[in-house]
Amino acid sequence: MSKQTVTPVEPSLSHVAFIMDGNGRWAKKRGMPREYGHRFGVKAFREILDHCRKLELKTVTFYAFSTENWKRPEREVRALMHLMDQYFEECEKNMDAYDFRICFLGDRGVFDEKRRARMDALEQKSAHRTRTLNVALNYGGRAELVHACNCLIEQGARSVTEDDLAGALYTAHSGDPDLIIRTGGDLRISNFLLWQAAYAELYFTDVLWPDFTPECLDAAIADFYTRKRRYGGV
Ligand code: IPE
Ligand code: IPE
Ligand code: MG
């Protein structure tokens, strides 16, 4: 799709979050190991991120690795980490042309110092950009809520408000998603943005993540525009 043909999103849509699911099944269908699917998953991620930029979305959030994904075979986890490191390198090299402020959601304490320093540097170097790309890495909605509570306790809180809690989440800088898209056909949230999803519109598609194209995203957005968001009102 050429740059000129992309119409920016309407003001009612500022934050889209993606549960990028289906890489393993995509590879299996081709008789290939799951890692092969993840490689094509990164390719789809790049294309979708570029489309999000053209759509002028203010915030995009991608679920890349959950707190539960450590249960996977070591070989797959290693491959996923390697793909992440490769993507970090790509961002570092193209930082001047990079359009997004990168923020990582999740507990990065599990990563070694080198990877953590890299993540910190990417966040710092891109901090002046106005659009936000959240990458959820070792992220779990439950772990995030527990982490937020512990932060507030450490700060001396004895009781908290909704605003206090929202402000202690990893997403404090970017707020709640308007639309959450899950590919891969499963109808669940899988521990993603549990607090922030309270009034998000949910969109599920059978398309496996490596097959998710800009046109698929356009279809999800067109569906979003038909939704009536009542927030409990009438
Ligand atoms: C990608 O899809 C999600 C990640 C954890 C990176 P999966 O690897 O879960 O693929 P399926 O669901 O097994 O097909
Ligand atoms: C959700 O997908 C996590 C990511 C997309 C990173 P999973 O494949 O891990 O979710 P389940 O196991 O089907 O719930
Ligand atoms: Mg999956």
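Please indicate, with yes or no, whether at least one residue in segment 17-35 is more than 16 Å from ligand 3 (Cβ to nearest atom), basic (Lys, Arg) and within 20 Å of Asn134 (Cβ to Cβ).
For segment 17-35, residues more than 16 Å from ligand 3 (Cβ to nearest atom), basic (Lys, Arg) and within 20 Å of Asn134 (Cβ to Cβ): absent.
Only residues in segment 6-27 that are in contact (Cβ under 8 Å) with a residue 40 or more places away in the chain count as the first member; pair them with residues that are in a loop (DSSP other than H, G, I, E, B) and within 16 Å of ligand 1 (Cβ to nearest atom), Cβ under 6 angstrom, at least 6 apart or cross-chain, and list the lot.
What qualifies is Ile19/Phe192; Asp21/Thr183; Asp21/Gly184; Gly22/Thr183; Gly22/Gly184; Gly22/Leu208; Arg25/Leu208; Trp26/Leu208.
Please go through (1) more than 16 Å from ligand 1 (Cβ to nearest atom); (2) within 28 Å of Cys151 (Cβ to Cβ) for Asn191 and return the number of the only condition it doesn't satisfy.
For Asn191, the exception is condition (1).
Please determine whether any residue of segment 175-194 is under 23 Å from Phe45 (Cβ atoms), of a type in the set (Gly, Ala, Ser) and at pLDDT below 95.
Yes, the conditions are met somewhere in segment 175-194.
Taking Gly140 as the residue in question, decide whether it is small (Gly, Ala, Ser) and either within 14 Å of ligand 2 (Cβ to nearest atom) or in contact with a Cys (Cβ under 6 Å, 6 or more places away or on another chain) (or both).
yes
Sort out which residues of segment 15-34 are buried (at least 18 other Cβ atoms within 10 Å of the Cβ) and at negative phi, and write them in order of number.
Passing the criteria: His15, Val16, Ala17, Phe18, Ile19, Met20, Asp21, Asn23, Gly24, Trp26, Ala27, Arg34.
Kindly provide the set of residues from segment 35-45 that are within 20 Å of the chain's Cα centre (by Cα) and surrounded by 14 or more Cβ atoms within 10 Å (Cβ to Cβ), ordered by number.
Hits for segment 35-45 are Glu35, Gly37, His38, Arg39, Phe40, Gly41, Val42, Ala44, Phe45.
So, in segment 70-81, exactly how many residues are surrounded by fewer than 18 Cβ atoms within 10 Å (Cβ to Cβ) and either in contact with a strand residue (DSSP E or B) (Cβ under 9 Å, 6 or more places away or on another chain) or closer than 22 Å to Phe100 by Cα (or both)?
3
Look at segment 182-204 and say how many of its residues are among the hydroxyl-bearing types (Ser, Thr, Tyr), assigned to a loop (DSSP other than H, G, I, E, B) and either within 16 Å of ligand 3 (Cβ to nearest atom) or buried (at least 16 other Cβ atoms within 10 Å of the Cβ) (or both).
2
Being over 17 Å from the mean Cα position of the chain (by Cα) and more than 30 Å from His51 (Cβ to Cβ) is the filter here, so list the residues in segment 117-144 that pass it.
Correct list: Ala117 only.
I'd like to check which helices (runs of 4 or more DSSP H) are fully inside segment 1-105 and have at least 1 residues that are touching a Leu at 6+ places or on another chain (Cβ under 6 Å) and within 16 Å of ligand 2 (Cβ to nearest atom).
Ranges flagged: 23-29, 34-54.
Within the set of pairs 6 or more residues apart or between chains, which connect a residue that is farther than 17 Å from Gly175 by Cβ and at pLDDT 95 or above inside segment 43-65 to a residue that is more than 14 Å from ligand 2 (Cβ to nearest atom) and part of a helix (DSSP H, G or I) with Cβ atoms less than 7 Å apart?
Correct list of pairs: Glu47/Pro214; Ile48/Pro214; Ile48/Leu217; His51/Pro214; His51/Leu217; Lys54/Lys3.
Among what's in segment 123-143 and is in contact with a Ser or Thr (Cβ under 9 Å, 6 or more places away or on another chain) and of a type in the set (Lys, Arg), pick the residue that is farthest from Phe18 (Cα to Cα).
It comes out as Arg142.
The values are calculated or read from the model by the stated rules, or taken from the named source; none is laboratory data. None of the values given here were measured: they were computed from a predicted structure. As a convention, Cβ positions derive from the backbone with ideal geometry for all residues, glycine included, and neighbour counts pool all protein chains shown.
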